[in-house]
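What follows is a short report on a single structure.
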Amino acid sequence: MSILVLAEHDNTGLKSSTLNTITAAKEIDGDVHVLVCGSGCDSVAQAASKVDGVSKVLKCDAPEHEHPLAENIAPVIVDLAPNYSHILAPATTFGKNIMPRAAALLDTQQISEIIAVDAPDTFQRPIYAGNAIATVKSSDAIKLITVRGTTFDAANAEGGSASIEDVSGKGDSGLSSFDSAELSKSERPELTAAKIVVSGGRGVGSAENFAIIEKLADKLGAAVGASRAAVDAGYVPNDYQVGQTGKVVAPDLYIAIGISGAIQHLAGMKDSKVIVAINKDEEAPIFSVADYGLVADLFDAVPELEGKL
Amino acid sequence: MKILVPVKRVVDFNVKIRVKSDNSGVDLANVKMSVNPFDEIAIEEAVRLKESGKATEIIAVSIGPEKAQEQLRTAMAIGADRGILVQTDDEVEPLAVAKILKALVDKESPDLVIMGKQAIDDDSNQTGQMLAALLGWAQGTFASKLEIADGSVKVTREIDGGLETLALKTPAIITTDLRLNEPRYAKLPDIMKAKKKELETMSSGDLGVDTAKRLETLKVAEPAQRSGGIIVASVDELIDKLKNEAKVIS
């Protein structure tokens with residue numbers, strides 16, 4: 001049995017989501033191969049070959065993979081699929097975009113965002129914004145799966161010595177092309193991989209006020225997150241959003257500030273090890289999931305907390 | 001330009017769902033049902049394209065029980081011109097949904113399919129991408145902005161690192177993210193008008209699509225519950241707890 005993991009990367013290095021996905025592949029049990037589709041992506045293939053537990057890296061280095069377009073990557077997966085029992089990708093916007101396209105081309109019903117491997121054909125996945133957990137068994141010959149990174153530890157990035165094999169691209173589909181990107185630049189840790197996350201909600205009140213959230217985050221070496229309400233109100237960009245439709249995080253410490261705790265938000269953070277809530281409304285649902293709640297005006301409490309740390 | 005908009009009947013997003021005691025599924029008896037919120041955004045976007053003169057006809061499609069007519073009427077009240085219900089009482093998986101939609105696209109020849117990025121019941125986030133694959137069309141997933149041109153569409157996508165803009169050849173599939181638009185509330189006269197709009201009903205068999213399930217649900221369980229925490233009285237107590245009890249900061 002061989003398992004193929006589709007690597008998420010930026011043509012220079014592997015994204016941490018790839019390491020979590022490799023761990024899920026190891027739990028299914030089998031030879032783990034990694035597919036790197038990119039352009040000038042040799043350093044990524046090298047990095048993937050060093051990941052503990054990876055036995056082979058397939059490098060598809062072609063100009064049409066400079067940006068990860070589903071229309072160009074899915075056919076590469078389809079070509080390789082007959083050699084594999086399982087094909088996995090991270091359940092990030094990267095994997096969620098590409099994998100179902102490959103699954104449909106293979107006439108396979110994908111299993112989305114698994115959180116546990118029960119058997120090689122049986123997996124657990126959250127439904128209804130994480131308010132229920134379904135255990136599903138697949139009857140498809142090849143299983144296409146996306147993996148929620150927060151429930152699988154990152155594989156060790158060192159210790160492996162896999163071979164690297166070139167595979168050829170399938171050319172440019174001509175259906176879609178990259179136009180531009182506006183990527184958030186930040187010195188802070190990546191939201192989904194951070195040990196500490198400090199998030200702000202509508203209670204923060206404005207984009208300017210978000211500076212107090214950021215100041216606390218910087219003091220703690222934390223990533224900054226936000227509720228949907230704060231993103232919709234324009235306080236912060238969309239990629240800060242934690243929740244059912246944003247990012248799922250599970251840090252050691254999650255500090256929710258001025259966040260009421262809608263179901264959609266809780267779905268994205270309730271697996272954090274320790275949750276702190278600071279909110280002036282003592283009835284806020286966020287307190288029902290918080291290990292430590294502080295009923296206080298955030299404009300007093302947050303600067304005080306930042307000052308005393 | 002003709003636009004097809006699939007809409008799914010799902011448990012209303014405000015309902016706190018309950019897992020059945022025999023772990024066979026989620027209890028849907030007497031629960032408020034609505035249009036999947038992402039699909040509502042898709043209808044709104046299609047209606048705006050029609051209002052701005054870019055679209056000529058909007059067809060809303062639902063796959064589900066007889067009662068999914070309610071969701072099609074909602075879509076028509078927002079502004080869809082007609083509705084098609086592919087009636088079934090079975091649970092239809094995303095791949096089969098995509099196959100049904102492909103059969104309808106072959107029949108109706110729309111220039112654009114706009115649909116929700118995921119349904120808030122099974123949270124699969126697959127159908128749009130699968131439909132694009134089956135049709136051999138371009139896909140613009142998780143869209144927060146659309147710009148229609150001749151023979152192409154520019155779509156801005158919400159991705160993990162920020163925003164990305166792609167140019168797609170049309171016909172194409174668009175899946176909606178939250179910030180594409182804010183759907184309107186249908187006004188009473190529009191709700192009345194929607195009752196008179198054409199609603200066609202058919203079965204998946206009529207379309208020649210096999211909807212046999214590939215996934216067997218063995219169990220549906222409650223997620224692990226967090227035990228309730230404590231309320232601290234001050235910032236000092238909070239810092240003390242985080243340092244000495246939870247040991248998550250030093």
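The values are calculated or read from the model by the stated rules, or taken from the named source; none is laboratory data. Keep in mind that what you see is a predicted model, and the values were worked out from it rather than measured. A quick note on method: Cβ atoms are made from the backbone with ideal geometry, for glycine too, and the neighbour counts reach across all protein chains shown. Each accessible area value is taken on the protein alone, full model and side chains, heavy atoms only, with ligands, DNA and RNA left out. Shrake-Rupley method; radii C 1.70, N 1.55, O 1.52, S 1.80 Å.
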Enumerated strands (runs of 3 or more DSSP E) restricted to segment B:121-181, each holding at least 3 residues that are facing chain A (nearest Cβ under 7 Å): B:138-149, B:152-159, B:162-169
When segment A:114-161 is examined, which residues are found to be among the hydrophobic types (A, V, I, L, M, F, W, C) and surrounded by fewer than 18 Cβ atoms within 10 Å (Cβ to Cβ)? A:116, A:119, A:141, A:154, A:157
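Quick check: is even one residue across segment B:68-79 within 23 Å of residue B:153 (Cβ to Cβ), within 13 Å of chain A (Cβ to nearest Cβ), open to solvent by 10 Å² or more (accessible area, probe 1.4 Å) and not β-branched (Val, Ile, Thr)?
No.
Here are A:98, A:164, A:111: which of them is β-branched (Val, Ile, Thr) and open to solvent by 30 Å² or more (accessible area, probe 1.4 Å)?
On the way: A:98 fails: open to solvent by 30 Å² or more (accessible area, probe 1.4 Å); A:111 fails: open to solvent by 30 Å² or more (accessible area, probe 1.4 Å).
Going through A:98, A:164, A:111 in turn, the sole match is A:164.
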In segment A:196-208, which residues are touching a residue at least 40 places away in the same chain (Cβ under 8 Å) and open to solvent by 50 Å² or more (accessible area, probe 1.4 Å)? A:202
Can you tell me which residue within segment A:167-179, out of those that are polar (S, T, N, Q) and not in a loop (DSSP other than H, G, I, E, B), is most open to solvent (accessible area, probe 1.4 Å)? A:177
Might you let me know whether segment A:256-271 holds any residue that is facing another protein chain (nearest Cβ under 10 Å), modelled with pLDDT of 95 or more and touching a strand residue (DSSP E or B) at 6+ places or on another chain (Cβ under 6 Å)? no
Could you figure out which of (1) facing another protein chain (nearest Cβ under 7 Å); (2) touching a helix residue (DSSP H, G or I) at 6+ places or on another chain (Cβ under 9 Å); (3) not in a loop (DSSP other than H, G, I, E, B) isn't true of residue B:190? (1)
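If you take the residues in segment A:1-26 that are in contact with a Phe, Trp or Tyr (Cβ under 6 Å, 6 or more places away or on another chain) and outside any loop (DSSP other than H, G, I, E, B), which one is surrounded by the fewest Cβ atoms within 10 Å (Cβ to Cβ)?
Going through segment A:1-26, the residues in contact with a Phe, Trp or Tyr (Cβ under 6 Å, 6 or more places away or on another chain) turn out to be A:2, A:4, A:8, A:20, A:23-24.
Checking which are outside any loop (DSSP other than H, G, I, E, B) leaves us with A:2, A:4, A:20, A:23-24.
Numbers: A:2: 15, A:4: 25, A:20: 24, A:23: 22, A:24: 28.
Selected residue: A:2.
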Candidate set: segment A:267-306, residues that are among the acidic types (Asp, Glu) and within 16 Å of residue A:252 (Cα to Cα); chosen: the one most open to solvent (accessible area, probe 1.4 Å): A:271
Return the total of residues in segment B:224-235 being out of contact with any helix residue (DSSP H, G or I) (no Cβ under 6 Å at 6 or more places or on another chain) and within 7 Å of another protein chain (Cβ to nearest Cβ). 5
Can you say whether residue B:144 is of a type in the set (S, T, N, Q), over 30 Å from residue B:26 (Cα atoms) and touching a strand residue (DSSP E or B) at 6+ places or on another chain (Cβ under 8 Å), as far as the supplied structure shows? yes
Quick one: in segment B:27-46, which of the residues that are open to solvent by 20 Å² or more (accessible area, probe 1.4 Å) and in a strand (DSSP E or B) is nearest to residue B:220 (Cα to Cα)? B:33
Regarding residue A:193, is this residue open to solvent by 20 Å² or more (accessible area, probe 1.4 Å) and among the aliphatic types (A, V, I, L, M)? yes
Mind counting the residues in segment B:232-241 that are open to solvent by less than 80 Å² (accessible area, probe 1.4 Å) and either modelled with pLDDT under 95 or farther than 11 Å from residue A:308 by Cβ (or both)? 3
Looking only at segment A:246-261, filter to residues that are touching a residue at least 24 places away in the same chain (Cβ under 8 Å) and within 18 Å of residue A:235 (Cα to Cα); which one of those is most open to solvent (accessible area, probe 1.4 Å)? A:260
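What residue, among those in segment B:209-218 that are open to solvent by less than 70 Å² (accessible area, probe 1.4 Å) and either part of a loop (DSSP other than H, G, I, E, B) or not aliphatic (A, V, I, L, M) (or both), is nearest to the other protein chains (Cβ to nearest Cβ)?
B:214
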